[in-house]
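Colleague: Sharing a structure, written as structure tokens. Questions coming.
The values are calculated or read from the model by the stated rules, or taken from the named source; none is laboratory data. Keep in mind the model is a prediction, meaning the values are calculated, not measured. A quick note on method: Cβ atoms are made from the backbone with ideal geometry, for glycine too, and the neighbour counts reach across all protein chains shown. Side chains are part of the model used for accessible areas, which takes the heavy atoms of the whole protein and leaves out ligands, DNA and RNA. Shrake-Rupley method; radii C 1.70, N 1.55, O 1.52, S 1.80 Å.
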Amino acid sequence: MDRTMDISVIIPLFNEAESLPELEAWIRRVMEHNNFTYEILFINDGSTDNSWEVIKSLRDNNKAVKGVCFRRNYGKSPALNTGFRHARGNVVITMDADLQDSPDEIPELYRMITEEGYDLVSGWKQKRYDPLSKTIPTKLFNATARRVSGIHNLHDFNCGLKAYRHKVIERIEVYGDMHRYIPFLAKNAGFTRIGEKVVHHQARKYGTTKFGLDRFVNGYLDLATLWFTNKFGIKPMHFFGLLGSLMFFIGLIAVVAVGVTKLYDMHNGNPYRLVTDSPYFFIALVTMVLGTQLFLTGFLGELIVRNSPRRNDYEIEEELGE
């Protein structure tokens, strides 16, 4: 695919018809002022307003405008992933369509990728124009993400304004709601040169936010999934097998202890009860059964991984010779 284009700007959107003309004009001014060759990819995520008609009219006046229209609303991650597959620029910029991200940040983001050698640069909205109900959970969310991912230099994982070297978007797949963790996905794919830039955050000019508080709950669940699949995705037995074995042997020791206690009491003429009268016997039995199930889960996971076509899909930077 042609890589002579400088920048691809990917803009996922849902019901943002009012802001699109202003955003496109702003991006075009920045690109022309800096003599960038560029394309603007609007990914219409099943909007129910006239966003697609606006995009088509923008295309009539600017051939750098391109678009993809989903038949229904799928979410931001599928929109970004589709944009990544269509992008042709050496540097890919993502931003939201609500005018809260400033296109004036594009030249410096481009420079950080091309001159400073970053694989990915994430924006940091240090001063935000959001209510406390959003900013406080965001801080907690980002603190957890830094700890789990090991990317300690990022303050805002979920900032929509990011810049990527093109080879990064070729090697990551954004699915579900994983757009919140693109830096983590990039790191897992071997791209460790991840930087941050303080960017200007503007108050929303049109419409209302499309995200509710449930995104924080879902975000933590997605983070746990990403951590687990990264650490144990190709070796599930190391997690389930170890945990299952520990539970089984703890339960076995407990059963033996219950039995030995009864034999001791019988031998010494002490009062004793049936083994099945002891609640500890059933707790131990359940622990053994759960341990066995976890062990078998790990074994089945290993069989699935062994038959996966990507079990030997390793990230190779470059090769010499044959």
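Colleague: Can you tell me the length gained on complete extension of the stretch S278 to E32, counting 0.36 nm per residue apart and subtracting the Cα distance?
Modeller: Values: separation 246, 0.36 × 246 = 88.56 nm, distance 8.01 nm.
Here the answer is 80.5 nm.
Colleague: Could you compute how much accessible surface E16 exposes when probed at 1.4 Å, giving the result in Å² to the nearest 10?
Modeller: Roughly 20 Å² of E16 is accessible to a 1.4 Å probe.
Colleague: For the pair E173 and V256, how long in nm is the line joining their label points, each one 7 Å along Cα→Cβ?
Modeller: Using points 7 Å along Cα→Cβ, the separation is 4.5 nm.
Colleague: Given the DSSP H assignment, sum -39500 (n - 2.57) over each helix run of at least 4 residues in the chain and divide by its residue total; what's the result at 222 nm in deg cm²/dmol, nearest 500?
Modeller: My calculation for the chain gives -15500 deg cm²/dmol from helical runs alone.
Colleague: Order H33, H201 by their accessible area, 1.4 angstrom probe, all chains in place, largest first. Let's see the in-between values first.
Modeller: Details: H33 150, H201 5 Å².
Largest accessible area first, the residues go H33, H201.
Colleague: Let me ask something else. Among V30, S102, G219, which residue has its Cα furthest toward the positive end of the charge dipole of the chain, with +1 on Lys/Arg Cβ and -1 on Asp/Glu Cβ?
Modeller: Selected residue: G219.
Colleague: Given H placed on each backbone N at 1.01 Å, which residues far from E196 in sequence or on other chains put an amide H within less than 5 Å of it?
Modeller: HN-HN under 5 Å from E196: S122.
Colleague: Across segment 96-107, in residue order, what do the Karplus-derived ³J(HN,Hα) couplings come to in whole Hz, using 6.51 cos²θ - 1.76 cosθ + 1.60 with θ = phi - 60° and x for Gly and Pro?
Modeller: 7, 8, 8, 6, 7, 9, 8, x, 5, 7, 4, x
Colleague: Counting only protein chains, not ligands or nucleic acids, how are L41, L252 ordered by accessible area (probe 1.4 Å), most first? Can you show the working numbers first?
Modeller: Details: L41 5, L252 65 Å².
Highest to lowest solvent-accessible surface, that is L252, L41.
Colleague: Can you give the relative contact order of the chain as a percent, counting alpha carbon pairs under 8 Å and 6+ residues apart? Don't jump to the answer; show the numbers that get you there.
Modeller: Details: 502 pairs, mean separation 53.4, N = 322.
Across the chain, relative contact order equals 17 percent.
Colleague: Might you report the magnitude of the Cβ-based charge dipole of the chain about its Cα centre, with Lys and Arg at +1 and Asp and Glu at -1, to the nearest 20 debye?
Modeller: Numbers: 39 positive and 38 negative charges, 136 e Å.
That gives the chain a dipole magnitude of about 660 debye.
Colleague: Quick one: among L294, L242, L274, which has the greatest mean-square fluctuation in a GNM of the chain with alpha-carbon springs under 10 angstrom?
Modeller: Of L294, L242, L274, the Gaussian network model singles out L274 as fluctuating most.
Colleague: With the chain treated as a Gaussian network of Cα nodes joined by springs under 10 Å, which of K63, K139, K197 yields the largest mean-square fluctuation?
Modeller: Between K63, K139, K197, it is K63 that shows the largest mean-square fluctuation.
Colleague: Run the reach check for K187 against lysines, Cα to Cα strictly under 18 Å, same-chain hits fewer than 8 apart removed. What comes back?
Modeller: Reachable lysines: K162, K167, K197, K231.
Colleague: Could you point to the residue in G195, G67, H152 farthest towards the positive end of the chain's charge dipole, with +1 and -1 charges on the Cβ of Lys/Arg and Asp/Glu respectively?
Modeller: Most positive-ward Cα: H152.
Colleague: Another question, then. Keeping the other protein chains in place, figure out the carbon and sulfur percent of the accessible area of the chain, with a 1.4 Å probe. Walk me through the numbers on the way to the answer.
Modeller: Details: 10270 of 17680 Å².
Reported share for carbon and sulfur atoms: 58 percent.
Colleague: Using the Karplus curve 6.51 cos²θ - 1.76 cosθ + 1.60 with θ = phi - 60°, work out ³J(HN,Hα) for each residue of segment 266-276 in order, rounded to whole Hz, and write x for Gly and Pro.
Modeller: 5, 5, 9, x, 7, x, 8, 10, 4, 4, 6
Colleague: Over the chain, give the accessible area per residue in Å² for a 1.4 Å probe, as an integer. Kindly include the intermediate steps, with their values, before the conclusion.
Modeller: On the way: 17680 Å² over 322 residues.
That works out to 55 Å² for each residue.
Colleague: Per-residue HN-Hα couplings for segment 171-177, Karplus 6.51 cos²θ - 1.76 cosθ + 1.60 at θ = phi - 60°, whole Hz, x for Gly and Pro?
Modeller: For segment 171-177, the Karplus curve yields 10, 10, 10, 9, 9, x, 10 Hz.
Colleague: Something else now. Can you give me the Cα centroid spacing of segment 101-130 and segment 153-197 in angstrom?
Modeller: The distance from the Cα centre of segment 101-130 to that of segment 153-197 comes to 13 Å.
Colleague: Accessible area, 1.4 Å probe, largest first: how do E116, E105 sort? The partial results should precede the final answer.
Modeller: Values: E116 90, E105 25 Å².
Correct descending sequence by accessible area is E116, E105.
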